[in-house]
Amino acid sequence: MNYKNQEKKAIELLKSFEIALNAADSKAIPAFYTEDGQFMPAGFKTVSKPASLLKGVDRYLLGSGFHIKYSVEDLKVDGHFAFITAQASTSRLEAGSEVAASKSTRDFF
C-alpha cells in the first residue's frame with residue numbers, strides 16, 4: 001500500500017470512530033482502542049481498558065446528545081503506524097438542561 005493510500009485509510013478510520021461516537025455505538029467504540037490504549041477525557045478519570053469504556057459510554061453519549069466532528073490538522077504515516085493530530089469540535093446538552101455546550105480540543109491518535 002502506498003503512502004497516499006495509508007493516509008486515506010487512517011482518515012477513514014478516524015471518520016469511523018467519529019461515526020461510532022455520534023451514534024453512541026458502545027459495542028463498536030472499544031474496537032478502536034488497543035489493549036493498552038487509554039481514553040483521557042478532560043475533566044474525567046482516565047479509562048485504561050477498552051472494555052471499561054462500555055460502562056460509561058451509553059450513559060454519557062446517549063444521555064447528553066453528544067456530537068463530535070474531527071478535522072485533521074496533521075497526519076504522518078511511518079510504516080505500519082499513522083499519527084494524527086486533529087481538532088475535535090464537540091457539543092452536548094448540559095445536565096438537566098436543553099442548552100448545548102460546545103468545546104474544542106486537540107486530539108492525538
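Only the coordinates and a few stated rules stand behind these numbers; no lab work does. Fair warning: this is a prediction, and the values are worked out from it, not measured in the lab.
Computed quantities for the displayed model
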{"item": "For the chain, the spread of Cα positions along each principal axis, largest first, Å", "result": "49, 26, 22"}
{"item": "Helix 3-22 vs. the chain, principal-axis angle (Cα, 0 to 90°, nearest 10)", "result": "10 degrees"}
{"item": "In Hz, Karplus ³J(HN,Hα) per residue of the range 71-78 (6.51, -1.76, 1.60; θ = phi - 60°; x = Gly, Pro)", "result": "10, 5, 9, 8, 9, 10, 10, 9"}
{"item": "Relative contact order computed over the chain (Cα-Cα under 8 Å; 6+ residues apart), in percent", "result": "21 percent"}
